[in-house]
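Encoded as structure tokens, the structure appears first; notes follow it.
The values are calculated or read from the model by the stated rules, or taken from the named source; none is laboratory data. Source: prediction; values computed, not measured. Here Cβ is always computed from backbone atoms with ideal geometry, including for glycine, and neighbour counts include all displayed protein chains.
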Amino acid sequence: MAKVCKFGGTSMADGNVIKNVKNIIDADSQRKFIVVSAPGKRYSGDVKVTDLLLKCHSEVMCGGNVKAVFAAVRARFVSLVRELNIVFDINSVLDETEALIESERSEDFTASRGEYLSARIMSAVLGASFIDAKDVIFFDENGALDGEKSYKAVADALKDCNRAVFPGFYGRGVDGRVKTFSRGGSDISGAIVARAVNASLYENWTDVSGFLACDPRIVDSPKRIKTISYKELRELSYMGANVLHADSIFPVRSANIPIQIKNTFRPEDEGTSILPISRYKPGGSVVTGVAGKKNFSIIFIEKSLMNSEIGFMGKVLDVVASAGVSVEHVPSGIDTMSLVVESEGLCGDKLNKLIDGIKSAVNPDTVRVIEDIALIATVGHGMSSSVGTSARLFCAIAAADINVKVIDQGSSEINIIVGVDNQSYEKCIRAIYKEFFG
Ligand code: ASP
């Protein structure tokens, strides 16, 4: 059985950390397929290689001094190779990369070079094959991952390979050019490789010892989550818990491959296991985690006898879809309907146009906008089997003197979302955490 290991930017930040990464890989013969990010920050205030590369691209586009900006990228990789003490002609690879950045004039190509260079170096460190992601990871004509084609190509490339290194974050678009995922997308690349080889485990090595039950900037030393289901993780990462790229779950979830979050700097820590529901046993706590996001708007629509007007909601949602606005939640009452949307999506005159569109489509009695709303999700499979969870949640919020503006609970019962004023966000998270985690 093979494990796929993805090492994030801080695990690739300098030669000494990469030596630790090699020790981690060598400690387990099942750690065969490795996916790497570009070197990240070495200390707070440092700049990630991907950000340096994006700066190079801006210079290319404005006819600026690319060489000068690329010098910072060059310095990072040259010192990394020196620290590793390996035989690798980094300067000629860098010369070639710099020339291609100027000739390709592509943001995605340029941004992807950090992963490309990291993987070339890592394959030299491990004496393993290098497989270029642009030959095995494919996007479709809509810019989405072409999963089936990619899984097959990765599996074919690895057929006679015992150990291989892939650069994360990119693949090939339908035009044949390099295309990247969104930022943090090496997590998705790792999941694709794991799925392609039907890995026994997808290990995601980062700089934290797993998921915390709550944002540590809000609650002091929150509990670590030992096990979490894909579903719970999806809910929590959608709401802002961001150890792992939210899209990285999909390739592995359908193949029931577990993910283990591990800390490169504390490899002995157990980390967090992300498991398919078939293998998941709730750890005894009703709630697994609490996460949230600020800056939502609620478009509140009221019309007498709304419930008996067939197609009312459909017409409203058509207006919203034609305006290109994404709706997060649609809590409704007998004569009311609310659209919860990210305020950022309503910039410029979008909001006014949307309100005019709704007025002419359904002729409501009132349309009102409530701004500066934060949404907080309390997530856990344990909630569906324990009576009184919502009572505890709302009592805790009320005891903290916080007014709830909107409530949404899906029938899956693993998630209760409340909307409160932005200013009450942190206080509300603390109140919920205290109630369920003590
Ligand atoms: N290097 C890319 C970024 O900084 C992708 C990744 O690390 O996953 O977002």
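For the stretch 379-411, which positions are polar (S, T, N, Q) and either closer than 25 Å to Val316 by Cα or at pLDDT 95 or above (or both)?
Kept after step one, since they are polar (S, T, N, Q), are these residues of the stretch 379-411: 384-386, 389-390, 403, 409, 411.
Listed by number, the residues that qualify are Asn403, Gln409, Ser411.
From the residues in the stretch 217-254 that are assigned to a helix (DSSP H, G or I) and among the small types (Gly, Ala, Ser), which one is nearest to Ile192 (Cα to Cα)? I'd like the intermediate steps shown before the answer.
Just the residues of the stretch 217-254 that are assigned to a helix (DSSP H, G or I), to begin with: 230-238, 246-253.
Those left that are additionally among the small types (Gly, Ala, Ser): 237, 246, 248.
Values: Ser237: 19, Ala246: 14, Ser248: 8 Å.
Looking at the filtered set, the residue picked out is Ser248.
So which pairs qualify, if the first residue must be in the stretch 320-331 and touching a residue at least 24 places away in the same chain (Cβ under 8 Å) and closer than 18 Å to Cys347 by Cβ, the second must be assigned to a strand (DSSP E or B) and not acidic (Asp, Glu), the Cβ gap must be under 6 Å, and the two must be at least 6 apart or on different chains?
Val320/Val327; Val325/Val341; Glu328/Val340
Would you say Asn242 is closer than 30 Å to Glu148 by Cα, within 16 Å of the ligand (Cβ to nearest atom), exposed (fewer than 15 other Cβ atoms within 10 Å of the Cβ) and in contact (Cβ under 8 Å) with a residue 12 or more places away in the chain?
Numbers: closer than 30 Å to Glu148 by Cα: yes; within 16 Å of the ligand (Cβ to nearest atom): yes; exposed (fewer than 15 other Cβ atoms within 10 Å of the Cβ): yes; in contact (Cβ under 8 Å) with a residue 12 or more places away in the chain: yes.
Here the answer is yes, as Asn242 does meet what is asked.
Which of the following residues is within 21 Å of Arg177 (Cβ to Cβ), basic (Lys, Arg), in contact with a helix residue (DSSP H, G or I) (Cβ under 7 Å, 6 or more places away or on another chain) and within 16 Å of the ligand (Cβ to nearest atom): Arg76, Arg105, Arg113? Break it down stepwise before answering.
Working: Arg76 fails: within 21 Å of Arg177 (Cβ to Cβ); Arg105 fails: within 16 Å of the ligand (Cβ to nearest atom).
Answer to the check: Arg113.
Every residue in the stretch 135-187 that is small (Gly, Ala, Ser) and within 16 Å of the ligand (Cβ to nearest atom), please.
Initial filter on the stretch 135-187 (small (Gly, Ala, Ser)): 143-144, 147, 150, 153, 155, 157, 164, 168, 171, 173, 176, 182, 184-186.
Answer for the stretch 135-187, where residues must be small (Gly, Ala, Ser) and within 16 Å of the ligand (Cβ to nearest atom): Gly168, Gly171, Ser182, Gly184, Gly185, Ser186.
For the structure I just gave you, tell me whether Asp108 is without any contact (Cβ under 8 Å) to a residue 12 or more places away in the chain and crowded, with 17+ Cβ neighbours inside 10 Å.
Details: without any contact (Cβ under 8 Å) to a residue 12 or more places away in the chain: no; crowded, with 17+ Cβ neighbours inside 10 Å: yes.
No; evaluated as a whole, the condition is false for this residue.
Give the residues of the stretch 1-29 that are away from the ligand (no atom under 16 Å from the Cβ) and among the small types (Gly, Ala, Ser), sorted by residue number. Break it down stepwise before answering.
Within the stretch 1-29, the first condition is being away from the ligand (no atom under 16 Å from the Cβ), and the residues that meet it are 1-3, 15-16, 19-20, 22-29.
Answer for the stretch 1-29, where residues must be away from the ligand (no atom under 16 Å from the Cβ) and among the small types (Gly, Ala, Ser): Ala2, Gly15, Ala27, Ser29.
Might you check whether a residue that is crowded, with 19+ Cβ neighbours inside 10 Å and assigned to a helix (DSSP H, G or I) occurs anywhere in the stretch 195-216?
Scanning the stretch 195-216, I find at least one residue that is crowded, with 19+ Cβ neighbours inside 10 Å and assigned to a helix (DSSP H, G or I), so the answer is yes.
Could you list, in sequence order, the residues of the stretch 286-315 that are touching a Phe, Trp or Tyr at 6+ places or on another chain (Cβ under 7 Å) and not in a strand (DSSP E or B)?
Of everything in the stretch 286-315, those that are touching a Phe, Trp or Tyr at 6+ places or on another chain (Cβ under 7 Å) and not in a strand (DSSP E or B) turn out to be Val286, Val287, Met306.
Restricting to the stretch 30-41, name every residue that is under 16 Å from Lys262 (Cα atoms), within 16 Å of the ligand (Cβ to nearest atom) and not small (Gly, Ala, Ser).
Scanning the stretch 30-41 gives Ile34, Val35, Val36.
Out of the residues in the stretch 332-386 meeting the condition of being assigned to a loop (DSSP other than H, G, I, E, B), touching a residue at least 24 places away in the same chain (Cβ under 8 Å) and over 26 Å from the mean Cα position of the chain (by Cα), tell me which one is nearest to Ile277 (Cα to Cα).
Of all residues in the stretch 332-386, those assigned to a loop (DSSP other than H, G, I, E, B) come to 333-335, 347-349, 363-365, 380, 386.
Within this subset, residues satisfying the condition of being touching a residue at least 24 places away in the same chain (Cβ under 8 Å) are 334-335, 363-365, 380, 386.
Now drop any that are not over 26 Å from the mean Cα position of the chain (by Cα), which leaves 334-335, 363-365, 386.
Working: Ile334: 35, Asp335: 38, Asn363: 45, Pro364: 43, Asp365: 45, Ser386: 18 Å.
Checking each candidate, the answer is Ser386.
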